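The values are calculated or read from the model by the stated rules, or taken from the named source; none is laboratory data. It should be emphasised that the depicted structure is a prediction, and the values quoted were computed from it without experimental measurement. Note that each Cβ is placed from the backbone with ideal geometry, even for glycine, and that neighbours are counted across all protein chains shown. Calculation scope for accessible area: heavy atoms of the full protein, side chains included, ligands and nucleic acids excluded. Shrake-Rupley method; radii C 1.70, N 1.55, O 1.52, S 1.80 Å.
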Amino acid sequence: MQRAILALFLVLLGIAPLVLSEFHVTLLNYIGLSALVALGLVLLTGVGGLTSFGQAAFVGLGAYASAYLTTATDLPGWLAWAGGSPWVGLAAGLLLTAVVAWLLGSFTLRLSGHYLPLGTIAWGISLYFLFGNLSFLGGHTGISGIPPLELFGLELKSGRAFYYVIWVMLLAAVWITRNLLDSREGRAIRALKGGTVMAEAMGVDTARSKIIIFLIAALFAALSGWLYAHMQRFVNPTPFGLHIGIEYLFMAVVGGAANVWGALIGAGLITILKQWLQDLLPKIFGASGNFEVIVFGIMMILVLQRARDGLWPILARLVPEARRSSRAVPQGQALPKKAMPQAGADILEVRNVFKCFGGLVANNDMSLTVRAGEVMALIGPNGAGKSTMFNCISGVDLVSEGEICFLGERIDHLTARAIAHRGMSRTFQHVRLLPAMSVLENVAIGTHLRGDKGVIPAMLHMERTEEQRLLAEAARQIERVGLKASMFEQAGSLALGQQRTLEIARALAADPCLLLLDEPAAGLRYMEKQALTELLRRLKAEGMGILLVEHDMDFVMGLADRVVVMEFGEKIAEGLPEEVQSNPAVLEAYLGGVE
Ligand code: ADP
Ligand code: MG
């Protein structure tokens, strides 16, 4: 069904210029150009959660680079070879945009919260004024006499001829964006919305993922600018200002910022509406002015109120979903596994660790070891500092003082990502997963470190063998923890206990030799706890080291080889489960404490 609709859409696109008037073809051209920019914003804002008001400036870079190179008569000697050809202009525009975006991105993407959008406004305005004030770019008058595109010896002077160039490029951009999102790198990008802590703990370089989507969005915008310059054959700064940047964001949000087709819907709707309102409103108000902006503003508020995810999901609901049987369990050759350390060897050594939050000492002189092939339990009343200990070990927090060694190497100065790389994997007390992604995709994030294919192969879907193996591995871990029946369901629809189990599968998918579980049994039913106990026993038998934080005494006592008890940040007891259980200090802490 979906394929049929897509095919119909493509056929309609193909015959449109043959049957429509010149005016409507031009309108479709503008829609295509805007959709290309909005598509970048879908990736950046809708998927990656990074808001940019400054995309119009990148459109300007692409337009001006080619406009200048193809029209300047006084190019400096070293640039002379680049003059005259729109195709060289395209390459130059993309290169320039990539460099500028990389520089801007390295600074602005570090900004968090509201500072990022503000930063994009700042550079959006700066670039706009730069276009208007550089005399060799024609100032506010702009550059005219830009040559038309030439393709296979044909000059593309008419709107109809240009139509195909625009739409073929747009559809190609849609295709590579979809491919990218449906890949290992794409999962890393989609994981950005869940916050960086989980993604980094799974080995994702989140700073890199952010720069990648920022660059792609900027390059799509520059491509749109290049097409625009050679279609209009004239540029001035007006279409590259901040208000147009805001319009692009409108398009992405109204259309449905989390889906590539949303960009087309949004661009189509806003462009047609703008055209129509620009005719209609001045007649109503009896004066000319950009009244359509008011209507867009109201529309934006309505969309944000009524349909947070834009119009695309509403349209998509009209089409019946793909049949379940088509969602086959992924199959693929098993991934290579790291060798497990010798059973009984100390793999983790925490020595005299202190962790302070201001005046609060959450970990006070904590020491413990975990051996390969054993379950070490860390117990203690609420607020004792167990999760803090976990965060220090896994690199989510930095220790204030003390040493942590993993597999004989100091790791207390390493990032969470570097530690994950060395074979430690964890779950979170407060589950951190991507509720809108399927269980399979969530677990596949755990396999991130086990693949190495980058962005370009992903865009072209040339990494399918590796991707298949990663997904197959994720599926195996899902089966192993007993979630097979929910593999294709949205992670957010699972019960809390199952979400915890999902996190265990995700951690296992990274092929760890040390597993850190923060209260995995909380929220599990009796049978599920039994199954979890079984699973942990098996993992232990395979030689994995497990550090377990748990509240449920019965669960711990039946499973742990050794126990460390914490209270108020300090270790108050350590030993075999039965020893600890009869320790007066422990009884005092537990019976007098929360439990
Ligand atoms: P547990 O996991 O044993 O219940 P935690 O490690 O979560 O305990 O917390 C230990 C203490 O440290 C608590 O008093 C908690 O309020 C405090 N704490 C934990 N994280 C932070 C933080 N990021 N900033 C300030 N205080 C914190
Ligand atoms: Mg805790």
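Remarks
- Within the range 420-446, the residues that satisfy the criterion of being part of a loop (DSSP other than H, G, I, E, B) and not basic (Lys, Arg) are Gly423, Thr427, Phe428, Gln429, His430, Val431, Leu433, Leu434, Pro435, Ala436, Met437, Gly446.
- Residue among Leu539, Leu524 that alone is of a type outside the set (Phe, Trp, Tyr), closer than 22 Å to His430 by Cβ and within 33 Å of the chain's Cα centre (by Cα): Leu524
One line per residue, one yes/no per condition, for (1) out of contact with any Asp or Glu (no Cβ under 8 Å at 6 or more places or on another chain); (2) touching a residue at least 24 places away in the same chain (Cβ under 8 Å); (3) of a type in the set (Lys, Arg); (4) within 16 Å of ligand 2 (Cβ to nearest atom):
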{"position": "Ala345", "(1), (2), (3), (4)": "yes, yes, no, no"}
{"position": "Arg351", "(1), (2), (3), (4)": "no, yes, yes, no"}
{"position": "Phe354", "(1), (2), (3), (4)": "no, yes, no, no"}
{"position": "Asn363", "(1), (2), (3), (4)": "yes, yes, no, yes"}
{"position": "Thr369", "(1), (2), (3), (4)": "no, no, no, no"}
{"position": "Val375", "(1), (2), (3), (4)": "no, yes, no, no"}
{"position": "Ile379", "(1), (2), (3), (4)": "no, yes, no, yes"}
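- Residue match in the range 521-537 (condition: closer than 30 Å to Leu335 by Cα, crowded, with 16+ Cβ neighbours inside 10 Å and within 16 Å of ligand 1 (Cβ to nearest atom)): yes
Condition check ((1) in contact with a Phe, Trp or Tyr (Cβ under 7 Å, 6 or more places away or on another chain); (2) in a helix (DSSP H, G or I); (3) basic (Lys, Arg)) across all residues:
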residue: Ala505; (1), (2), (3): no, yes, no
residue: Pro520; (1), (2), (3): no, no, no
residue: Leu548; (1), (2), (3): no, no, no
residue: Ala560; (1), (2), (3): no, no, no
residue: Lys571; (1), (2), (3): no, no, yes
residue: Ala585; (1), (2), (3): no, yes, no
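- Options Gly40, Gly62, Gly84; residue that is at negative phi and either part of a loop (DSSP other than H, G, I, E, B) or under 21 Å from the mean Cα position of the chain (by Cα) (or both): Gly40
- Residue list for the range 373-417, filter: surrounded by fewer than 21 Cβ atoms within 10 Å (Cβ to Cβ), assigned to a loop (DSSP other than H, G, I, E, B) and either assigned by TED's automatic domain parsing to the domain that holds Ala201 or within 16 Å of ligand 1 (Cβ to nearest atom) (or both): Pro381, Asn382, Gly383, Val396, Asp397, Leu398, Ser400
Table: residues versus (1) among the β-branched types (Val, Ile, Thr); (2) modelled with pLDDT under 90; (3) under 20 Å from the mean Cα position of the chain (by Cα); (4) over 19 Å from Trp226 (Cβ atoms).
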| site | (1), (2), (3), (4) |
| --- | --- |
| Leu90 | no, no, no, no |
| Val99 | yes, no, no, no |
| Ser112 | no, yes, yes, yes |
| Asn133 | no, no, no, yes |
| Phe136 | no, yes, no, no |
| Ile143 | yes, no, no, no |
| Phe152 | no, yes, no, no |
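- Test: Trp175 is modelled with pLDDT of 95 or more, open to solvent by 30 Å² or more (accessible area, probe 1.4 Å) and among the aromatic types (Phe, Trp, Tyr): yes
Condition check ((1) surrounded by fewer than 12 Cβ atoms within 10 Å (Cβ to Cβ); (2) closer than 20 Å to Gly159 by Cβ) across all residues:
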site: Thr45; (1), (2): no, no
site: Ala56; (1), (2): no, no
site: Ala67; (1), (2): no, yes
site: Ala80; (1), (2): yes, no
site: Trp87; (1), (2): no, no
site: Ala92; (1), (2): no, no
site: His114; (1), (2): yes, no
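- Restricting Val370, Val350 to those that are modelled with pLDDT of 95 or more, within 15 Å of ligand 1 (Cβ to nearest atom), under 17 Å from Val564 (Cβ atoms) and not assigned by TED's automatic domain parsing to the domain that holds Thr206 reduces the list to Val350.
- Qualifying residue in the range 175-182 (condition: without any contact (Cβ under 8 Å) to a residue 24 or more places away in the chain and aromatic (Phe, Trp, Tyr)): yes
- Residue among Lys540, Lys529 that is assigned by TED's automatic domain parsing to the domain that holds Leu508, closer than 25 Å to Lys338 by Cα and not in a strand (DSSP E or B): Lys540
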